[in-house]
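K.L.:
Sharing a structure below in structure tokens format, with a few things to ask.
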Amino acid sequence: MPNKSYAEQFDNSYGRLWRAFFKDDAADLSQHERQLLHHIAGDKGIALGAVARHLGIPKSSASEQVKNLERRGFLTRRRDPADERRLSIVLTPFGVARLKQDSVLDLVRLAAALKRMSAEDKRALLAGLEQLATAADG
């Protein structure tokens, strides 16, 4: 891919990886519900608009998913301590426990693929991903 930018090359590889390691729906959570729950950060929670942007869906659809997950005990909505006018979506203890035993990726397939790589390539891959994550945070 010599004529493609680094971003385009990454996008291509990321898409291939996502399709290779995409985890199917579970009995109690769909892939979309799992993605929504994994996007909620710690005790601070997240605004509905951020959930909708992350999932690439309208706020009304995100609101329906949030209500459904709240009814099932995975999350709750509370007033945002920084701005009492806004609601913040937070995980319940049940939701936190469920996510600790889960991943959005199929870790068995991922482990099998990593096993086929050399130790040096795995270290380089993980170092590169960490650097990219740090650059994205900054």
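Each reported figure results from applying straightforward, stated rules to the coordinates on display, with no laboratory input. Keep in mind that this is a model prediction, so the values were computed, not measured. Cβ: placed from backbone, ideal geometry, glycine included. Neighbour counts: every protein chain shown.
K.L.:
Report the Cα centroid-to-centroid distance between region 74-137 and region 9-48 in angstrom, as an integer.
P.N.:
The distance from the Cα centre of region 74-137 to that of region 9-48 comes to 8 Å.
K.L.:
Scan around residue 87 for amide H atoms under 5 Å from its own, H built in the peptide plane at 1.01 Å from N, and keep only partners 5 or more places away or cross-chain.
P.N.:
HN-HN under 5 Å from residue 87: 80.
K.L.:
At 222 nm, what helix-only mean residue ellipticity would the chain give, in deg cm²/dmol to the nearest 500, using -39500 (n - 2.57) for each DSSP H run of four or more?
P.N.:
Only helices count here, giving -18500 deg cm²/dmol.
K.L.:
Also: Using θ = phi - 60° and the Karplus relation 6.51 cos²θ - 1.76 cosθ + 1.60, list the HN-Hα couplings for region 121-138 in order, rounded to whole Hz, with x at every Gly or Pro.
P.N.:
5, 5, 4, 5, 4, 5, 5, x, 5, 5, 5, 5, 4, 5, 5, 5, 5, x
K.L.:
Out of all Cα-Cα pairs in region 23-104, roughly what percent, to the nearest whole number, are more than 14 Å apart?
P.N.:
Distances greater than 14 Å cover 59 percent of the Cα pairs.
K.L.:
For region 23-104, what is the charge dipole size about the Cα centre, in debye to the nearest 20, if Lys and Arg each add +1 at the Cβ and Asp and Glu each add -1 at the Cβ?
P.N.:
220 debye
K.L.:
Taking 0.36 nm per residue of separation and subtracting the Cα-Cα distance, what length does fully extending residue 67 through residue 24 add?
P.N.:
Extra length from residue 67 to residue 24 when fully extended: 13.3 nm.
K.L.:
While we're on this one: If we count other beta carbons within 10 Å of each Cβ, what is the order of 33, 8, fewest first?
P.N.:
The fewest-first ordering by Cβ neighbours comes to 8, 33.
K.L.:
I've got another one for you. Per 10 Å bin from zero, what fraction in whole % of the C-alpha pairs of the chain is there, up to the bin with the longest pair?
P.N.:
10, 32, 33, 20, 5, 0
K.L.:
What is the order of 134, 76, fewest Cβ neighbours within 10 Å to most?
P.N.:
134, 76
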